[in-house]
Amino acid sequence: MKKLLFVAVILAATATLVRAQKVYSVSSEAFADVKVYVVSSQAFADLLVYKVSSEAFVGNNDGKWYFESSEAFAKKKIYFVSSEAFADLKIYFVDSEAFAGWVNKSKMYLMQ
C-alpha cells in the first residue's frame, strides 16, 4: 500500500512539473485557453518563449514550450491573435533556452 501511495505521489509531482508547457495551437479563438500575440521585440513581451524539440525538455512554466501535434496531449490550448489588443498574453520567441522566462510574472497564472 505504501508503494502504491508513493507511486501516486511521484506521478502527481511529475504532472505538476510539466504543467502548461505542452501547448497546442487551436484554429479558433473559441477553443483557446489563452489568446497569444507574438510581439516584435522582447521588450514588449510578458513571456519569452523557447520552442523545445522534444516534450522531454519542457519546463516548469518557465517559457520552454513544446508544441503538441495532438490537442489531447496538450496542457494548454493557445490561439494566436492578430492584434495585441485581443491578447491575454504577449510572447516573444527567443533563440536560446537560457533567455526563456517570465518578464511579467503577474501573467504566470495564465499558463498554470
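For region 21-39, residues that are within 12 Å of LEU110 (Cα to Cα), within 12 Å of the chain's Cα centre (by Cα) and either among the hydrophobic types (A, V, I, L, M, F, W, C) or part of a strand (DSSP E or B) (or both) total 3.
Filtering LEU11, LEU48 for residues that are hydrophobic (A, V, I, L, M, F, W, C), modelled with pLDDT of 95 or more and either surrounded by 10 or more Cβ atoms within 10 Å (Cβ to Cβ) or assigned to a helix (DSSP H, G or I) (or both) leaves a single hit, LEU48. SER69 meets the conditions (1) outside any strand (DSSP E or B); (2) within 16 Å of PHE44 (Cβ to Cβ); (3) of a type outside the set (D, E, K, R) in every case but one. The failed one is (2).
Please tell me if GLY63 is within 12 Å of the chain's Cα centre (by Cα), at pLDDT below 95 and under 22 Å from TYR109 (Cβ atoms). Answer is no for this residue. Before we move on, is PHE80 closer than 20 Å to TRP102 by Cα and of a type outside the set (D, E, K, R)? Yes: the conditions hold for PHE80.
Contact map, region 67-86: residues that are over 13 Å from ASP33 (Cα atoms) and touching a residue at least 12 places away in the same chain (Cβ under 8 Å) paired with residues that are basic (Lys, Arg) and not in a loop (DSSP other than H, G, I, E, B), Cβ distance under 8 Å, separation 6+ or inter-chain. Pairs shown: PHE67/LYS51; GLU68/LYS22; PHE73/LYS22; GLU84/LYS90; PHE86/LYS35. Taking region 72-112 as the range and being among the small types (Gly, Ala, Ser), part of a loop (DSSP other than H, G, I, E, B) and surrounded by 10 or more Cβ atoms within 10 Å (Cβ to Cβ) as the test, the residues that pass are ALA74, ALA87, ALA100.
Condition check ((1) more than 13 Å from the chain's Cα centre (by Cα); (2) more than 15 Å from VAL23 (Cβ to Cβ); (3) of a type in the set (Phe, Trp, Tyr)) across all residues:
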{"site": "TYR50", "(1), (2), (3)": "no, no, yes"}
{"site": "ALA56", "(1), (2), (3)": "yes, yes, no"}
{"site": "ALA72", "(1), (2), (3)": "yes, no, no"}
{"site": "ILE91", "(1), (2), (3)": "no, no, no"}
{"site": "SER96", "(1), (2), (3)": "yes, yes, no"}
{"site": "GLY101", "(1), (2), (3)": "no, yes, no"}
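The values are calculated or read from the model by the stated rules, or taken from the named source; none is laboratory data. These figures come from a predicted structure and were not determined experimentally. A quick note on method: Cβ atoms are made from the backbone with ideal geometry, for glycine too, and the neighbour counts reach across all protein chains shown.
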